[in-house]
Amino acid sequence: MSPAVERQAFLEEVNSIDDKDILRRMLIEKEQEKETIVTNLDIAARLGLVVSEKNEELQLKLNLATQGEAQAYMKLNALEEENRLLYSKASRSNELAAQLSVSEEQIKVLKEHKIFLQKELDIARRELKKFRKELDNLSGQMNDMTDDMLESRNKVNTYAKKLADVEQHLADTQEMNVNLSIQLEKALSSQKISSATTTQIVKMIQADLGRVVLENEHLRASINELETRQFQCEGKLSEMMVSAQEYAHLLEEAQDTIHSLSENRLESDIENLEISPGRSRNNAAKTKTKESLPPMKGTPFSTEVEQSLEKTIEERLKSQMSPRINIGPPVDTKKGLKYLLPEVKECGKGKGSERRQFKGYVVHAYNIRQ
């Protein structure tokens, strides 16, 4: 993979990670990789220096060997020239042997000198053979050194490429570190802002919850008070209905007594009419007017007695109903009255068979039964 593709993949991986601990671990791993790469680079540089120093030493040895080889060749050339001269001298001596037969001493000297030169030539040949062997060894070493140099150059090239890749990767990692640091700063700032906002919201919610709890407590207290008042009102209302039924029953009994008294009064009036003829005429006119009216159940009693009875009954009813109405709390119209309706109906029916329902209405001072 190319470094651009690796960088893109690494950026996508970093962007996909939301955990800060993982990002920190990745940063620490990248720093460790960077340190390992730097140490490897230092080791490679040291190896390059050692290889260069060895190359310089080998180059010096090569130079010395080439210089020695040149000197040996110079010596060989000089010896060959001397040998040629000697051969030329020997040939001349051979040619002049006939002429210089007299000079045997010189020939002996020349022979000795020739033997000495041959010995020196043999020594020089041996030295040349040794030198050639050394040169062969040196050439083999040079070949090995050239191979080592090539290998070291290849290694240096590979290390240089790796260094370039590492530098590129380091540059990319530095850019990524900068981007990550920017993103971390942004994340920290956003986290601080969000934490501040959340703390404010939580404080507001806590305050609202406290208010709601207080309001709920007040509402519960008021609901409990309303329930107690409702129960009291229900009990009082049932008592009122019972007392109203009792008063209605008493009123019916009073009306019955009034009717009975009125009948007794009529009988006494009829007796008085039979006694007094003057009054009989007036009573006859009254009876005619009464006959012309529609028949009514019950006859009128004295208005003063009836009004006094009605006033006393109404005052008793008002005195018993008014304090109960004033003391009672305000009833919930949505729930309380509907809740009280069935009890009112049940209370209206009465508790026993002895109590009768009040079916009638009062007109002036008369109870007209339908």
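The values are calculated or read from the model by the stated rules, or taken from the named source; none is laboratory data. Please read all numbers here as calculations on a predicted model, not as lab measurements. We place every Cβ from the backbone using ideal geometry, glycine too, and count neighbours over all the protein chains shown.
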Handout entry: Condition met for ASN77 (out of contact with any Pro (no Cβ under 9 Å at 6 or more places or on another chain), at negative phi, surrounded by 11 or more Cβ atoms within 10 Å (Cβ to Cβ) and at pLDDT 80 or above)
Key = no
Fill in the blank from the handout: When restricted to LEU64, LEU86, LEU79, LEU58, the only residue farther than 30 Å from ASP122 by Cβ, assigned to a helix (DSSP H, G or I) and aliphatic (A, V, I, L, M) is LEU58
Handout entry: Filter result for LYS161 (among the basic types (Lys, Arg), assigned to a helix (DSSP H, G or I), more than 17 Å from the chain's Cα centre (by Cα) and modelled with pLDDT of 85 or more)
Key = yes
Practice task
Identify all residues within region 182-201 that are among the basic types (Lys, Arg) and surrounded by 11 or more Cβ atoms within 10 Å (Cβ to Cβ); write none if there are none.
Solution key: none
Practice task
Return yes or no: is ARG46 within 60 Å of the chain's Cα centre (by Cα) and among the basic types (Lys, Arg)?
Solution key: yes
